[in-house]
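In what follows, a structure is listed as structure tokens, so that the remarks can point back to it.
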């Protein structure tokens, strides 16, 4: 397309020069020049059409690149997993993946095509001028390289001088945000009015500092423009003088005059296009940083599945009580987990988070038999939530073994088990986190996440058991009400009850709960507590508990402190553990 | 009417905002009026630069055409000088335009920042949703910068393009009136049609793109924030393919949008080409019948071709205008937001050192909120008494403090200061009496000394050091290489969350208000740090009037009264010893923090 554009520029200049030369020399009537003028009109229309095609093509390319980059980054975040995401500013990441990517548009629609134009057009023009008039071509050949040379030289000089002022500029620019953000504090101490003058002073200092930077920065543009316009003058004046001597014909002279500025234009434009696309490059850098983040996992060579005999041994460790089914599926099919048994065995499990010197878990060992109701207690930061994350297969331990037995047999979660084995284990458990995430979808779809094949009937039944039915039916479209991002439109307690409905519907033999009543108001809390108690009946339960009521319902209490098991009431008096 | 009522102005929240419905463009013009001179200068320099280009090409064309007729060299010398002069001056004019344009833009920015700050003073923190999120606040600040764009990339180029068009039409008309008329028609068409085409495409595409963008954003948030839920429930693959589909849908809409959004530039080029050809035809006709010297034909033709060049940036200007208009609208909305708290016309003299604060059935409701944030709270705080307010987040504790500091107007009930309605005092006098560590205590990007002196500008180093010692920070400050002169805040020295809160505490202690308010500063601190901090807060307020907001209960056995808030209501009150013995929310809170003490 750049080549076609160059060709049209050459033809246009030639036609225009020819027509104008004829007009000056012969003064023909427009009728005689009709073919030339018609051709000129067609070429001009062609240039407009080509510009349109080029923009459309580059915008389409940009759309395709953005879609593929979005896809790759998003897939990568899921490979990196929840543990990695919890250390990220997810709001900023979402912006980068959304509107942020649009900053790539100027790169693809401006800078990138301009690169080709800059490579093709000047060369084509110089060749054409050289054919018409070698002397002018030499002048252009000599002056054209001055544009990139001066561009780089002046650019480097300004970079050096602006870098010195940059920190000052940044500080003055940030001062306004600092004062605005601190206004409540300023008002608290009666200093808000006094700072009004400071705001104006800072803005004025910012202006004069910026201006002194710009005075230098704009010099590069000045030099480039001077090179371009002076070169046109350098070409035009000798051409005129040689015309005077009869060495040149008017057609050639006009052609040279029309083409000369076009030779300089692409390289000058390239500079400004580059500046316009820098923001896009920053976004791309952020995206690539995600793509390059390594997945923190234990060595893959340790990948193994336990032999069946070991699995059996663990499976028979505890007395097995099959979970009762308050909402047994009407079609008689088994739950996703099957009718297997659940046993969990931690053996010397340690977890360290990157960037923290104290391990989150330090050689933790315990066994949970099927049917047990175990409460994890301890001060915040003791490692309770980390135990759950390990159990859910979200955090791989650095050391030790985590033997879990689901319907598909036993798996060591600490030994990088195959994806399918982890999925099989997770299929047999239900999880109600402290702050469940509700998706921007209908309420029914959010509940159905627990068991995608569930009928409407089953969804409603689960919601009733979770005390969710009462507020869902009051929503404008009932179960079909579409929630906003992050479940917007529901209160914290309502979101918690939707998550409980999810767990009821999932009907899994193992239930994992993380302080399900944290941060709820009194009325919500009572309902959540009641629904939780109903959900726990007949299942193996691991619950992180703060509330005395939750602790009281457990038949065994494990107390964690500083990442270690401080006490375990297994086989002993639980009051002794609680009182430790 | 009682004397008290006379002192109080009607609640401004219900007063209609004057001029809020004014068009944003007109408002901006008023703001920019003070900088009209510099703006004119910028446009004038821009016009001069474009005219130099035009003159360069026109003169060069004339020079070449005239030379072809082989006149004596002297006939060309003026043109040769002209070509060289125009070639040199163009760059200089362009440079002047850029400098003058940016200067005017930065001055306008300074003016607007000043106006925005003045408008924000009575609004912070309760009168503006922006104060509930740091992201909103920085967006507001960058919105102001949109004005800079508006001046540099919209006002100056559009002004220049129009002025150049006028000059080119005038020049052509002098040479050949019919050519001038054709050029005028072409330029008017370009000036009207190009922005219209661009605008229509931008509007249509925004309508198409918005739902696709919203869906993509929702899918992204689901995957980024719900990744754990999805992984455990086995829904990751489905959610990923839904997000992929959303990204593909957006790309499809974007591809369709490209067809029309590229139309602006193409239209401009078409109009330029058609006009140039027509002007050439007209000029040739005139040359043929002798009304125009043939030498001037290239001059007229090239004038037409080049006078369109300044029109080309109009396409970008329209896009900028659309973007910055939204930003400007948000800023103007802030400027028009009524203050949430009124000031008395003739304030009562400031209360002295001995202050008694009484809350009488206090209700506070945020605008548009469905229920009261504070729902009928009574409280009496005599000199030297300490009260702790306890409750989960969102129970109304911080709103109660905001009302006591006159940051928000009660919707019903009364706050009395030494027996007088608090609304009879000047807001700053109330805050001189009741102040301390607010919920969002800000550490400014300046030295530790300056940050503390905010509370007591006249205090000497000895007092500053004493306050730091009480907040148990003096050892840390003395260990810093620059001591009190260490710069802290946004991009200053690394300060931990605990140190940040202790600095805020030291500042409040240095200010030494008769009633100290301490809004719980333990958010984001690890438990040990938080426990130590609360203990130090309690120790440092011994013997003073103080209101402590917390949800950690350790150490509260020393305060005179504990008020347990839930959903804006007092659900329990008494001493720690009372409350911990009685079944109820306080006991529950106590047990949940001390499960081992059962």
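Data for the structure
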read-out: Residues being part of a loop (DSSP other than H, G, I, E, B) and touching a helix residue (DSSP H, G or I) at 6+ places or on another chain (Cβ under 6 Å) - total across region B:404-422; value: 4
read-out: Sole residue being within 30 Å of residue B:531 (Cα to Cα) and outside any helix (DSSP H, G or I), chosen from A:364, A:390, A:402; value: A:364
read-out: Top-ranked residue of region A:206-238 - restricted to ones that are within 13 Å of residue A:133 (Cα to Cα) and surrounded by 22 or more Cβ atoms within 10 Å (Cβ to Cβ), ranked as nearest to the other protein chains (Cβ to nearest Cβ); value: A:236
read-out: Residue check, residue B:123 over 30 Å from residue B:295 (Cβ atoms) and under 13 Å from the mean Cα position of the chain (by Cα); value: no
read-out: Strands (runs of 3 or more DSSP E) contained entirely in region B:514-573, each with at least 3 residues that are at pLDDT 80 or above and closer than 13 Å to residue B:385 by Cα; value: B:515-519, B:545-550
read-out: Hits in region A:538-565 - residues which are modelled with pLDDT under 85 and within 12 Å of chain B (Cβ to nearest Cβ); value: A:545, A:546, A:547, A:548, A:549, A:550, A:551, A:552, A:554
read-out: Enumeration of residues in region A:52-64 that are in contact (Cβ under 8 Å) with a residue 24 or more places away in the chain and within 9 Å of chain B (Cβ to nearest Cβ); value: A:53, A:54, A:55, A:57, A:58, A:59, A:62
read-out: Residue within region B:221-228 that is modelled with pLDDT of 85 or more, in contact with a strand residue (DSSP E or B) (Cβ under 9 Å, 6 or more places away or on another chain) and part of a helix (DSSP H, G or I) present; value: yes
read-out: Residues within region B:76-90 that are in contact (Cβ under 8 Å) with a residue 24 or more places away in the chain and at the interface with another protein chain (Cβ under 7 Å from one of its Cβ atoms), tallied; value: 3
read-out: Candidates B:350, B:369 - the one that is part of a loop (DSSP other than H, G, I, E, B), farther than 21 Å from residue B:520 by Cα and free of Cβ contacts under 8 Å to residues at least 12 places away in the same chain; value: B:369
read-out: Residue A:119 vs. criteria outside the structural domain of residue A:230 (by TED's automatic domain parsing) and over 30 Å from residue A:236 (Cα atoms); value: no
read-out: Test: residue in region B:255-268 that is part of a loop (DSSP other than H, G, I, E, B), out of contact with any helix residue (DSSP H, G or I) (no Cβ under 6 Å at 6 or more places or on another chain) and facing chain A (nearest Cβ under 7 Å); value: no
read-out: Single residue of region A:461-493 satisfying the filter (touching a helix residue (DSSP H, G or I) at 6+ places or on another chain (Cβ under 6 Å) and closer than 24 Å to residue B:369 by Cβ) that is surrounded by the fewest Cβ atoms within 10 Å (Cβ to Cβ); value: A:481
read-out: Verdict on residue A:241 being surrounded by 18 or more Cβ atoms within 10 Å (Cβ to Cβ) and either more than 30 Å from residue B:489 (Cα to Cα) or modelled with pLDDT of 85 or more (or both); value: no
read-out: Residue in region B:289-297 that is part of a helix (DSSP H, G or I) and within 30 Å of residue A:259 (Cα to Cα) present; value: yes
read-out: Candidate set from region A:192-205 (those that are at the interface with chain B (Cβ under 7 Å from one of its Cβ atoms) and surrounded by 19 or more Cβ atoms within 10 Å (Cβ to Cβ)); member that is modelled with the highest pLDDT; value: A:192
read-out: Only one of B:242, B:210 that is modelled with pLDDT of 90 or more and within 24 Å of residue A:440 (Cβ to Cβ); value: B:242
read-out: Considering residues of region A:78-98 that are facing chain B (nearest Cβ under 8 Å) and touching a helix residue (DSSP H, G or I) at 6+ places or on another chain (Cβ under 6 Å) only, the residue surrounded by the most Cβ atoms within 10 Å (Cβ to Cβ); value: A:97
read-out: Candidate set: region A:436-457, residues that are in a loop (DSSP other than H, G, I, E, B) and surrounded by fewer than 18 Cβ atoms within 10 Å (Cβ to Cβ); chosen: the one farthest from the other protein chains (Cβ to nearest Cβ); value: A:455
read-out: Boolean, residue A:410 is more than 9 Å from chain B (Cβ to nearest Cβ), over 20 Å from residue A:508 (Cβ atoms), modelled with pLDDT under 85 and surrounded by 21 or more Cβ atoms within 10 Å (Cβ to Cβ); value: no
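Residues are listed down the side, and each one gets a yes or a no for (1) at the interface with chain A (Cβ under 9 Å from one of its Cβ atoms); (2) modelled with pLDDT of 90 or more; (3) under 30 Å from residue B:59 (Cβ atoms); (4) not in a helix (DSSP H, G or I):
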position	(1), (2), (3), (4)
B:123	yes, no, no, yes
B:127	no, no, no, yes
B:137	yes, no, no, no
B:143	no, no, no, no
B:146	no, no, no, no
B:149	no, no, no, no
B:159	no, yes, yes, no
B:162	no, yes, yes, no
B:165	no, yes, yes, no
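Residues checked against (1) free of Cβ contacts under 8 Å to residues at least 60 places away in the same chain; (2) surrounded by fewer than 21 Cβ atoms within 10 Å (Cβ to Cβ); (3) facing chain B (nearest Cβ under 7 Å):
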| residue | (1), (2), (3) |
| --- | --- |
| A:17 | no, no, no |
| A:44 | yes, no, yes |
| A:50 | yes, yes, no |
| A:107 | no, no, no |
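The values are calculated or read from the model by the stated rules, or taken from the named source; none is laboratory data. Values in this document were obtained by computation on a predicted structure and should not be read as measured data. Every residue, glycine among them, receives a Cβ derived from its backbone with ideal geometry; neighbour counts consider all protein chains shown.
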